[in-house]
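Before I ask anything, let me first share the structure, which is written out below as structure tokens.
Bear in mind that the values in this text are calculations on the coordinates, not laboratory data. None of these values were measured; they are calculated from a predicted model. Glycine also receives a Cβ, built like all others from the backbone with ideal geometry; neighbour counts cover every protein chain displayed.
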Amino acid sequence: MSCQDTRWQSFSDQVMGGISEASMALTEIDGRRCLRLSGDVRLENQGGFIQMALDLAPGGGTVNAAAQSGVVLVTRGNGETYGVHLRTPDCVRPWQSYRADFIAGPAWTEVQLAFDAFTPHRLTAPLDCCRLRRIGLVAIGRAFRADLAVAMVGLYD
């Protein structure tokens, strides 16, 4: 659960006919309570992603992050590249988002991703930080075993 009274959800490309498998669990790793996304990303049947996502406000509302500089994560993983996907009301199709990547190494690390590092994916509108709706942590685009743990997700000044 988040402090905004919304819940993390996991899903995969199975929602569109793919066969990737995702698992999300609240756990503890090296003394840190975290949310862990794991599974196999598979490319068959036009697939290729697993994700855990959080609505930033209840009822599909938005959050004004104009006073912040970007997204901060405390994360660890298996050395793979993962994505942070942001959605706003401009993202009207399921495949549209604003994307930035990071590598989740084997040690707990703080990652800061400035809003200007996020690029539009399959839409032309620029990222509007005044209307953030959802954040997703995603393993996408290639066949691999995903293992991503996140102890904190937030915004930084």
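Take the alpha carbon gyration tensor of the range 8-156, find the square roots of its eigenvalues, order them as a ≥ b ≥ c, and report rounded if a/c is under 1.5; if not, report prolate when a/b exceeds b/c, else oblate.
Details: a/c = 1.67, a/b = 1.13, b/c = 1.47.
Judged from the Cα gyration tensor, the range 8-156 comes out oblate (a/c at least 1.5, b/c at or above a/b).
Okay, next question. Counting other beta carbons within 10 Å of each residue's own, what order do Ile19, Ile135 fall into, fewest first?
Details: Ile19 14, Ile135 23.
Ascending Cβ contact count within 10 Å gives the list Ile19, Ile135.
If each residue's Cβ is checked for other Cβ atoms within 10 Å, how do Phe118, Phe49 rank with the fewest at the top?
Details: Phe118 21, Phe49 26.
Exposure proxy ranking, most exposed first: Phe118, Phe49.
Shifting gears a bit: Who wins for biggest fluctuation among Asp90, Asp128, Asp116 in a Gaussian network model of the chain, springs between alpha carbons below 10 Å?
Result: Asp116 has the largest fluctuation of those listed.
Placing +1 on the Cβ of each Lys and Arg and -1 on the Cβ of each Asp and Glu in the range 8-156, which of Thr81, Phe49, Ala143 has its Cα farthest towards the positive end of the resulting dipole?
The residue sitting most towards the positive pole is Phe49.
Gaussian network model of the chain, Cα springs within a sub-10 Å range: biggest mean-square fluctuation belongs to which of Ala67, Ala114, Ala100?
Ala67
Just check the range 7-67 against the gyration tensor rule for me: Cα atoms, a ≥ b ≥ c as the square roots of the eigenvalues, rounded for a/c under 1.5, and otherwise prolate or oblate depending on whether a/b exceeds b/c. Please report the intermediate quantities before stating the final value.
Values: a/c = 2.68, a/b = 1.26, b/c = 2.14.
Cα axes put the range 7-67 in the oblate bin.
Which residues' amide hydrogens lie under 5 Å from the amide hydrogen of Gly105, considering only partners 5 or more residues apart or on another chain, with H built in the peptide plane?
Amide H neighbours of Gly105, under 5 Å, 5+ apart: Gly77, Gly79.
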